[in-house]
1. Filter the stretch B:347-361 for residues that are within 14 Å of chain A (Cβ to nearest Cβ) and under 15 Å from B:CYS312 (Cβ atoms) and give the result.
2. So, B:ALA390, is that one surrounded by fewer than 21 Cβ atoms within 10 Å (Cβ to Cβ) and modelled with pLDDT of 95 or more or not?
3. Please go through (1) under 24 Å from the mean Cα position of the chain (by Cα); (2) in the same structural domain as A:VAL191 (by TED's automatic domain parsing); (3) surrounded by fewer than 19 Cβ atoms within 10 Å (Cβ to Cβ); (4) of a type outside the set (S, T, N, Q) for A:GLY239 and return the number of the only condition it doesn't satisfy.
4. Being in the same structural domain as A:THR282 (by TED's automatic domain parsing) and in contact with a His (Cβ under 8 Å, 6 or more places away or on another chain) is the requirement here; does A:MET342 meet it?
5. Looking at this structure, is B:CYS312 over 23 Å from the mean Cα position of the chain (by Cα), of a type outside the set (Lys, Arg) and on the phi > 0 side of the Ramachandran plot?
6. Which one is farthest from the chain's Cα centre (by Cα), of the residues in the stretch A:364-389 that are within 13 Å of another protein chain (Cβ to nearest Cβ) and of a type outside the set (Val, Ile, Thr)?
7. Considering each residue of the stretch B:356-399, count those that are assigned to a helix (DSSP H, G or I) and either within 28 Å of B:ASP262 (Cβ to Cβ) or free of Cβ contacts under 8 Å to residues at least 24 places away in the same chain (or both), and give that number.
8. Sort out for me the helices (runs of 4 or more DSSP H) sitting completely within the stretch B:253-346 that have 3 or more residues that are buried (at least 19 other Cβ atoms within 10 Å of the Cβ) and in contact (Cβ under 8 Å) with a residue 60 or more places away in the chain.
There are 2 protein chains.
Amino acid sequence: MSVTAAKGFEASGVACGIKPSGAPDLALITTSDRCAVSAAGVFTQNVACAAPVQISRRHLEDGRAAAVVLSSGNANAATGEQGRQDALRMCQLAAEGLGCDTDDVLVCSTGLIGIPMPMAALEEGVPKAAIAVAGGSEAGDAAARGIMTTDTVSKQAVATASLSDGTTITVGGMAKGAAMLAPSMATMLAVLTTDASIESDVLGEALVDAVDGTFNALVVDACTSTNDTVLVLANGAAGNALIEDSGADLDAVASAITSVCDQLAGAMASDAEGATKLVTLTVTGAPSNDDARKAARKVASSQLVQCSLYGCDPYWGRIISELGTSGVKFDPEQVTISYNGMTPCVNGIAASHDEAALAKEMAGRDIEITCDLHAGEGTATMRFTDLTHAYIDENTGTS
Amino acid sequence: MSVTAAKGFEASGVACGIKPSGAPDLALITTSDRCAVSAAGVFTQNVACAAPVQISRRHLEDGRAAAVVLSSGNANAATGEQGRQDALRMCQLAAEGLGCDTDDVLVCSTGLIGIPMPMAALEEGVPKAAIAVAGGSEAGDAAARGIMTTDTVSKQAVATASLSDGTTITVGGMAKGAAMLAPSMATMLAVLTTDASIESDVLGEALVDAVDGTFNALVVDACTSTNDTVLVLANGAAGNALIEDSGADLDAVASAITSVCDQLAGAMASDAEGATKLVTLTVTGAPSNDDARKAARKVASSQLVQCSLYGCDPYWGRIISELGTSGVKFDPEQVTISYNGMTPCVNGIAASHDEAALAKEMAGRDIEITCDLHAGEGTATMRFTDLTHAYIDENTGTS
């Protein structure tokens with residue numbers, strides 16, 4: 001169970017007809033008592049953000065929420081004023097069905113851009129989903145399935161933490177991420193719930209930190225979709241002393257939140273259908289951690305690097321070239337590059353190595369690349385995949 | 001004829017054995033009298049720039065050059081100190097063969113990164129190329145063929161201009177550009193020659209301007225290869241009054257230089273083998289021309305946009321999403337997007353249009369996309385191609 005793992009949360013997932021296939025396409029998550037609780041969110045930085053993002057941001061201004069309504073199959077993005085009205089109507093329908101305030105409902109959508117929401121389906125579906133709301137793992141599963149698009153498996157995670165007053169708190173979460181971990185890939189949505197008692201401000205800070213090291217280390221490009229959203233609701237049902245400030249208890253909750261985000265990000269990586277490689281790239285020895293992140297992002301988002309990996313080719317020359325255009329200060333003739341612990345490049349030039357053994361490593365699915373810039377102490381790790389025929393087919397609809 | 005079109009230039013192209021295929025892989029360009037003349041260059045901004053770039057930059061410090069030696073098949077990049085020695089040795093061999101100073105020889109290489117230069121081949125080949133040097137179109141053709149890598153045709157261009165004193169000057173040029181116009185694609189090399197009499201400082205400024213609007217509008221990503229180089233040599237053989245400053249004569253020469261760069265860039269675009277679309281993207285109504293360029297670059301470098309085009313899909317939603325992450329200030333709900341004059345998006349949302357007619361347009365090879373941001377007067381145009389199976393095959397070696 002996922003979003004229903006923490007005490008006092010219920011969920012549902014149904015098929016309302018947004019997807020022509022008849023697959024589940026609508027999910028609800030709510031506090032069991034329908035009361036608004038501490039809540040926080042991290043949203044896409046895209047200027048062209050979707051209507052649900054605009055509405056959820058507004059509804060989160062008071063740091064409180066009672067429910068989240070999520071749909072898949074249509075992103076409700078690039079839909080203008082009608083899109084905002086439709087997103088608000090989804091909140092209203094959820095509020096009516098659940099018995100809470102419209103302002104306390106958050107909304108997420110994922111799917112195609114530029115197509116008006118099929119509101120007739122939602123008008124029927126949201127009340128149906130409200131009736132279906134229940135606690136327990138089955139309801140959590142149903143909600144996780146309701147937000148899938150090109151995902152091949154639903155993504156759920158749970159973590160717990162012990163606080164200083166002896167309370168154990170639980171964090172649960174669900175996510176959907178396009179099956180391919182590619183630049184500016186379709187929407188990433190995640191909802192976390194926790195029974196910790198915690199102020200929304202510090203909850204929000206913990207969420208930002210967690211997202212930075214997990215979901216954001218999956219995004220290969222600076223691109224962010226129109227709809228990316230990560231939400232967390234904290235209802236205090238665990239009964240711990242309210243966490244209002246930094247300290248060991250906040251650290252414990254933050255760590256559980258990060259764990260759930262990391263599990264969900266890992267699940268997205270494992271669901272990288274179409275990709276033949278799952279690459280973990282670590283840049284070390286950068287002037288700063290930010291520089292390391294910048295360099296890693298540049299390498300990971302390179303079509304040529306991705307193509308080399310698809311061809312099982314440890315072509316470190318392309319990595320050096322990408323590092324060289326990353327804007328990070330380093331001496332190319334100090335760089336060492338390793339693939340799965342084997343090192344074909346030392347001091348920026350070719351180094352002798354066991355080519356047969358390296359070729360064998362490159363034929364596998366999991367590739368760990370390390371680039372040491374020898375220019376400082378900064379490090380960063382980023383996950384990415386190779387660029388394949390299947391990626392193109394999935395994104396042209398020609399498959 | 002190309003680099004031999006202007007008076008007083010000679011060239012040659014030979015096969016020296018860098019390429020296992022035995023194809024031409026070495027070219028020389030020189031002034032007929034072997035004397036150093038005004039020269040300027042534009043080089044890759046890549047920190048990890050190749051050895052020939054480092055040597056050519058040094059040899060251009062005095063704004064003068066007598067010859068250019070170019071090789072294809074090996075980039076002499078990520079080759080460290082040995083690479084610099086090898087690049088310098090290429091200059092020395094050319095100087096010895098031609099009878100000029102080593103410091104007056106510029107050097108360019110293109111091909112694989114990280115592999116030491118096969119200097120035995122160059123030791124034999126450069127003297128052979130020096131002996132072969134001649135004027136006329138056949139020699140110019142041979143030089144242009146000597147720098148091809150994945151190009152399917154050689155790329156040459158000529159333009160003329162009339163100056164205020166009645167002189168006609170000629171600008172000729174040759175280039176090689178990887179057959180696919182893709183982000184961070186392999187090296188782009190170009191050499192221009194002109195018989196105009198012009199100071200190297202203003203010649204350099206004219207070249208920078210010309211490159212910016214032509215070759216740089218082909219580069220889909222901020223990525224630049226380790227070896228990108230554009231050079232121009234001006235020998236004054238046309239006999240015009242020396243151009244030292246801005247004015248109508250400089251404008252005339254600059255315009256001829258730009259024309260040659262544009263023809264060469266166009267030839268690269270037309271040689272976009274593997275691509276099924278040749279897209280011309282114009283962003284208008286941006287706050288500034290720089291903003292328009294930034295927005296156009298973001299859209300053009302998007303794998304998802306490129307995939308849509310491969311699938312003949314006018315999926316303008318992905319374009320809006322990329323515009324939204326470009327860092328340019330605009331209101332997504334003011335954006336209009338057209339494909340070949342048909343407009344499926346007005347004010348940021350779907351607009352009714354003749355879908356059958358648009359689908360017919362999208363099936364063609366040449367696609368003109370216009371995005372009006374309605375946020376100012378800035379405009380920019382960028383050429384790019386779609387992302388195809390053939391691109392992947394070419395860059396994995398699996399084809």
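The values are calculated or read from the model by the stated rules, or taken from the named source; none is laboratory data. A quick note: this is a predicted structure, and the numbers were derived from the prediction, not measured. Note that each Cβ is placed from the backbone with ideal geometry, even for glycine, and that neighbours are counted across all protein chains shown.
1. Pass one, the stretch B:347-361, residues within 14 Å of chain A (Cβ to nearest Cβ): B:347-353, B:355, B:358-359.
Within the stretch B:347-361, B:GLU355, B:LEU358, B:ALA359 meet the criteria.
2. So B:ALA390 fails the test.
3. The single condition A:GLY239 does not satisfy is (1).
4. Against the criterion (in the same structural domain as A:THR282 (by TED's automatic domain parsing) and in contact with a His (Cβ under 8 Å, 6 or more places away or on another chain)), A:MET342 qualifies.
5. Values: over 23 Å from the mean Cα position of the chain (by Cα): yes; of a type outside the set (Lys, Arg): yes; on the phi > 0 side of the Ramachandran plot: yes.
When the stated conditions are applied, B:CYS312 passes them.
6. The selected residue is A:ALA375.
7. Residues that pass the stated criteria total 12.
8. Qualifying helices (runs of 4 or more DSSP H): B:289-300, B:303-310.
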